[in-house]
Amino acid sequence: MADILTQKFADHTPLYRIREKLSRVEISISRQQLSQWVVRIGKELTPLYKLMHQKILESGNIFADESPVELLESGRGKTHKAYMWVVAGGQSKDPPYRIYQFHLNRKHKHVNDLIGKNYTGGLHSDKYGCYETLVVKKTIYLVSLLEPCAEKVF
């Protein structure tokens with residue numbers, strides 16, 4: 001399973017190709033079964049995800065960004081833009097924790113899921129409006145590599 005997950009998420013290999021590779025060595029597993037295993041493992045890893053998220057928020061110094069990705073519509077052969085949101089942080093010079101959330105859009109409400117309504121501290125990010133909204137609410141302050149930070153030095 002570790003190899004299948006590595007191929008899927010680190011090597012970006014679709015499950016149908018993983019199935020084809022396995023069939024070449026006479027291992028017959030359906031794509032549907034592979035998909036069910038990936039989902040089940042994802043659910044089993046939820047406590048680890050939540051712990052990592054907590055560690056990031058407790059650090060008081062986080063990095064966030066949302067990147068566009070092309071989403072292939074099942075059975076249609078068309079793609080449309082979706083977003084992979086990432087938050088990194090932790091008590092280290094090189095943040096040890098990174099969590100990701102996939103969303104179909106770039107709506108401001110997604111930042112509340114990632115950063116939370118109660119987070120206070122520094123945020124390294126671009127100046128996308130959803131982050132600036134948190135600054136206005138006085139829950140966070142933006143840290144810029146281009147401008148000195150008057151409030152806190154890391």
Check your understanding: To the nearest 0.05, what FRET efficiency results for residue 112 and residue 29 with a Förster distance of 41 Å applied to their C-beta separation?
Key -> 0.55
Exercise for review: Grab the beta carbon distance between residue 13 and residue 55, set R0 = 22 Å, and tell me the FRET efficiency rounded to 0.05.
Suggested key: 0.15
**Study point:** Tilt relative to the chain, helix 46-58 - C-alpha long axis, 0 to 90 degrees, to 10
**Key:** 20 degrees
**Study point:** Distance cut-off 16 Å, percentage of C-alpha pairs in the range 2-44 lying past it
**Key:** 30 percent
Revision key, fill the gap. Karplus ³J(HN,Hα) for the range 87-93 (6.51 cos²θ - 1.76 cosθ + 1.60, θ = phi - 60°; Hz, whole; x = Gly/Pro) runs 10, 10, x, x, 7, 6, 4
Review point. So what's the chain giving for Rg/Rh, alpha carbon basis, Kirkwood Rh from the mean inverse pair distance?
Key: 1.06
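In which sequence would 38, 86, 69, 111 go, from the one with the fewest C-beta neighbours within 10 Å to the one with the most? Walk me through the numbers before you get to the answer.
On the way: 38 17, 86 14, 69 11, 111 25.
Going from least to most buried by this count: 69, 86, 38, 111.
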Exercise for review: Divide the volume of the convex hull of the Cα atoms of the range 84-137 by its number of residues and quote the answer in cubic angstrom per residue.
Suggested key: 90 Å³
Revision key, fill the gap. Partner lysines whose C-alpha sits under 27 Å from that of residue 127, ignoring same-chain residues fewer than 8 away, are 50, 55, 81, 93, 107, 109, 117, 137, 138, 152
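Each value in this text was obtained by applying a stated rule to the coordinates, not by laboratory testing. Quick caveat: nothing in here was measured; it's all calculated off a predicted structure. As a convention, Cβ positions derive from the backbone with ideal geometry for all residues, glycine included, and neighbour counts pool all protein chains shown.
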